[in-house]
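For reference, the structure discussed in these notes is given below.
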Amino acid sequence: MKRWDLACRILAALPGGYALAAFTGICLALWLPGLRVERAMTGMLTGLLIWPVAFMASFAVPDGRKMLGGIVIALFALMGLAALRGWRP
């Protein structure tokens, strides 16, 4: 069971944290008012703050499965918000 917990933490930290940071930046760039350049810069800088927080939180919580589940739920919410605004990969 410890290996599964560690695998969940690593998945939540590396690809999950990166995806969370990327989609946070995308959503901010799409939903914030203002100039396009300013929205994009704000999204990128916020993404740089989100990834380390997600990485550290992945190893700070007691259960890795809950962290992975939380990141997946947050990702689906951010993907939905981006899709509502017309974002396409």
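For region 53-89, enumerate the residues that are small (Gly, Ala, Ser), more than 22 Å from Trp4 (Cβ to Cβ) and modelled with pLDDT of 95 or more.
Start the filter on region 53-89 by keeping residues that are small (Gly, Ala, Ser), which leaves 54, 57-58, 60, 64, 69-70, 74, 77, 80, 82-83, 86.
Those still in the list that are more than 22 Å from Trp4 (Cβ to Cβ) too: 77, 80, 82-83, 86.
Of everything in region 53-89, those that are small (Gly, Ala, Ser), more than 22 Å from Trp4 (Cβ to Cβ) and modelled with pLDDT of 95 or more turn out to be Ala77, Gly80, Ala82, Ala83.
When you go through (1) assigned to a helix (DSSP H, G or I); (2) out of contact with any Lys or Arg (no Cβ under 7 Å at 6 or more places or on another chain); (3) under 21 Å from Leu14 (Cβ atoms) one by one for Val37, which number turns out not to apply?
All conditions are met except number (3).
Just give me the residues in region 1-25 being over 16 Å from the mean Cα position of the chain (by Cα) and assigned to a helix (DSSP H, G or I), in sequence order. I'd like the intermediate steps shown before the answer.
Here is the first cut: in region 1-25, the residues over 16 Å from the mean Cα position of the chain (by Cα) are 1-7.
Selection gives Lys2, Arg3, Trp4, Asp5, Leu6, Ala7.
Among the residues of region 47-67, write down those that are open to solvent by 40 Å² or more (accessible area, probe 1.4 Å) and either touching a Cys at 6+ places or on another chain (Cβ under 7 Å) or at positive phi (or both).
Result: Arg65, single match.
Which count do you get for residues in region 45-70 that are within 15 Å of Ala22 (Cβ to Cβ), in contact (Cβ under 8 Å) with a residue 40 or more places away in the chain and aromatic (Phe, Trp, Tyr)? Lay out the reasoning, then the answer.
Start the filter on region 45-70 by keeping residues that are within 15 Å of Ala22 (Cβ to Cβ), which leaves 45-55.
Now narrow it down to the ones that are in contact (Cβ under 8 Å) with a residue 40 or more places away in the chain: 54-55.
Pick out the ones that are also aromatic (Phe, Trp, Tyr) and you get 55.
Number of matching residues: 1.
Give region 71-84 a look and list any residue that's without any contact (Cβ under 8 Å) to a residue 12 or more places away in the chain and open to solvent by less than 40 Å² (accessible area, probe 1.4 Å), or say none. Talk me through it step by step, then tell me what you get.
At the first step, the residues of region 71-84 found to be without any contact (Cβ under 8 Å) to a residue 12 or more places away in the chain are 73, 76-77, 80, 83-84.
Answer for region 71-84, where residues must be without any contact (Cβ under 8 Å) to a residue 12 or more places away in the chain and open to solvent by less than 40 Å² (accessible area, probe 1.4 Å): just Gly80.
If I go through region 50-85 residue by residue, how many of them are in contact with a helix residue (DSSP H, G or I) (Cβ under 8 Å, 6 or more places away or on another chain) and within 13 Å of Leu28 (Cα to Cα)?
6
Does Ile50 qualify as being closer than 16 Å to Arg85 by Cβ, in a helix (DSSP H, G or I) and at pLDDT 95 or above? Lay out the reasoning, then the answer.
Working: closer than 16 Å to Arg85 by Cβ: no; in a helix (DSSP H, G or I): yes; at pLDDT 95 or above: yes.
When the stated conditions are applied, Ile50 does not pass them.
Examine region 26-46 for a residue that is open to solvent by less than 50 Å² (accessible area, probe 1.4 Å), farther than 19 Å from Gly86 by Cα and within 16 Å of the chain's Cα centre (by Cα), and state whether such a residue exists.
yes
Condition test on Thr42, is it part of a helix (DSSP H, G or I), closer than 27 Å to Gly64 by Cα, β-branched (Val, Ile, Thr) and free of Cβ contacts under 8 Å to residues at least 60 places away in the same chain?
no
The values are calculated or read from the model by the stated rules, or taken from the named source; none is laboratory data. Please read these numbers as outputs of a predicted model, since none were measured by experiment. Please note: Cβ atoms are built from the backbone with ideal geometry, for glycine as well, and neighbour counts cover all protein chains shown. To get the accessible areas, we keep the full protein, side chains included, count just its heavy atoms, and leave off ligands, DNA and RNA. Shrake-Rupley method; radii C 1.70, N 1.55, O 1.52, S 1.80 Å.
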